[in-house]
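Engineer: Take a look at the following structure, please.
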Amino acid sequence: MRYDLVIIGATTAALGLAKTVQSSLKTLIVNKTEMVAYEFVNAFQQPEVYARGAFFYKEFRELTADVLLGTEVAGITRSPDGDYVLELYNTAGFQTVKASQMVDTTAEAPEASLQGKTLNALLIQQQGNPVPDVEWEGVALVPETRTQAYSTAILKLSCPEAETVAAARHRLIESWLARPKTLGEWKIAAIAFTFEHIAVQGELKADDGRRFLVSAAYAGPAESEEAGIQLGRSLLAC
């Protein structure tokens, strides 16, 4: 099958891009997991956003663009006529799609220019006490606005570039067991399923014409979606 545009990653940048171009360009979004807006929701990137998963699933379902979740991009080549040829793999097997344009919104490509990453966890304190000031090497605590009887915060563990999620989760638990005493009444409610990535904002372009817009580089979903909208307008103007 041939598309005008293939977008890699079911990110909020991809959402804004697809909304903008889908009425003019035949568009496909490919995502290797079943998670959407994962760079914010499943990474616990900032307070409150992790609770908006259902909202973003609804947004993706309402797109008229095609969306393939749970689908790996096994390879990308160029055809003699200049199209991108993508080999896709999911539970249905392999399939090949072609596209005249391609935008990668993930933080996984080498062109993403990553500047760091953290593995985050949601913390809870049942008595509603504020987050204490602590000096904890490699760890930052981000308090959430208190709207219930209990208090919550996001813990961010700095991770080396090569560290896997599994290894980082193990190290986070070990660090938590040795946490400062002032956090003794706090508990881990959940650990993120993916890293929060720190990357350069804005569109990047490879020598072969592929575009990169790292959704995770932006402050939050609204800013990322707006960046996708702006890129979509630029593509339509070409």
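The values are calculated or read from the model by the stated rules, or taken from the named source; none is laboratory data. For clarity, every value in this text was computed on a predicted model and none was experimentally measured. Glycine also receives a Cβ, built like all others from the backbone with ideal geometry; neighbour counts cover every protein chain displayed. Note: accessible area is taken over every heavy atom of the protein model, side chains too, but ligands, DNA and RNA are not part of it. Shrake-Rupley method; radii C 1.70, N 1.55, O 1.52, S 1.80 Å.
Engineer: With Kirkwood's inverse mean 1/r over C-alpha pairs for Rh, give me the Rg to Rh ratio of segment 196-238, two decimals please.
Structural biologist: Dividing the radius of gyration by the Kirkwood radius yields 0.99.
Engineer: For the chain, take the longest principal axis of its alpha carbons; what is the angle in degrees between that and the long axis of helix 165-177, to the nearest 10 within 0 to 90?
Structural biologist: 10 degrees
Engineer: Compute the angle between helix 12-21 and the longest alpha-carbon principal axis of the chain, please, reported from 0 to 90 degrees and rounded to the nearest 10.
Structural biologist: So the inclination is approximately 30 degrees.
Engineer: Give me the 1.4 Å probe accessible area per residue for segment 127-222, excluding ligands and nucleic acids, in Å².
Structural biologist: 58 Å²
Engineer: Which of the lysines could a cross-linker bridge to Lys156, judged by Cα under 27 Å and excluding same-chain residues fewer than eight apart?
Structural biologist: Lys32, Lys117, Lys181, Lys187
Engineer: Would you calculate, for the chain, the mean residue ellipticity at 222 nm contributed by helices, counting each DSSP H stretch of 4 or more residues as -39,500 (n - 2.57) and dividing by all residues, to the nearest 500?
Structural biologist: Counting only the DSSP helices, I get -6500 deg cm²/dmol.
Engineer: Carbon-plus-sulfur fraction of the accessible area of the chain, 1.4 Å probe, in percent?
Structural biologist: With neighbouring chains kept in place, the figure for the chain is 53 percent.
Engineer: Let me ask something else about it. Compute the Kirkwood hydrodynamic radius of segment 102-238, taking the inverse of the mean of 1/r over all pairs of distinct Cα atoms, and give it in Å to one decimal.
Structural biologist: After inverting the mean inverse Cα-Cα distance, the result is 17.0 Å.
Engineer: Just to be sure I understand: with springs between alpha-carbon atoms less than 10 Å apart, which residue in Ala14, Ala190, Ala162 has the highest mean-square fluctuation in the Gaussian network model of the chain?
Structural biologist: Comparing Ala14, Ala190, Ala162 in the GNM, the peak value goes to Ala162.
Engineer: Okay, next question. I'd like the distance between the alpha-carbon centres of segment 1-77 and segment 190-238, rounded to an integer number of Å.
Structural biologist: Cα centroid of segment 1-77 versus Cα centroid of segment 190-238: 12 Å apart.
Engineer: Still on this structure, I have one more. With the crude spin-label approximation of a point 7 Å out along Cα→Cβ, what separation in nm comes out for Gln115 versus Leu177?
Structural biologist: 3.5 nm
Engineer: May I pose another question? Over all distinct alpha-carbon pairs, what is the Kirkwood Rh of segment 175-223 in angstrom?
Structural biologist: Taking the inverse mean of 1/r over all distinct Cα pairs, segment 175-223 comes out at 14.5 Å.
Engineer: For Lys26, give me every one of the lysines with a C-alpha distance below 18 angstrom, ignoring sequence neighbours fewer than eight places off in its own chain.
Structural biologist: Within the straight-line cut-off, Lys26 pairs with Lys98.
Engineer: A follow-up question, please. Check cross-link reach from Lys19 to the lysines: straight Cα distance under 18 Å, and skip same-chain residues fewer than eight apart.
Structural biologist: By straight Cα distance, Lys19 reaches Lys58.
Engineer: No solvent, one uniform scatterer per C-alpha: report log10 I(q)/I(0) for segment 151-209 via the Debye equation at q = 0.13, 0.17, 0.22, 0.27 1/Å, two decimals.
Structural biologist: Each listed q maps to, in turn, -0.49, -0.71, -0.99, -1.25.
Engineer: Please report, to two decimal places, log10 I(q)/I(0) for segment 1-149 at q = 0.12 Å⁻¹ as given by the Debye formula with identical point scatterers on the Cα atoms and no solvent.
Structural biologist: Those come out to -0.62, one per q.
Engineer: Any idea what the dipole of segment 99-235 comes to, in debye rounded to 20, about its Cα centre with Lys/Arg Cβ at +1 and Asp/Glu Cβ at -1?
Structural biologist: The dipole magnitude comes to about 400 debye.
Engineer: Averaging the inverse of every distinct alpha carbon separation and then flipping it gives the Kirkwood radius. What is it for segment 80-152, in angstrom units?
Structural biologist: Result for segment 80-152, one decimal place: 17.6 Å.
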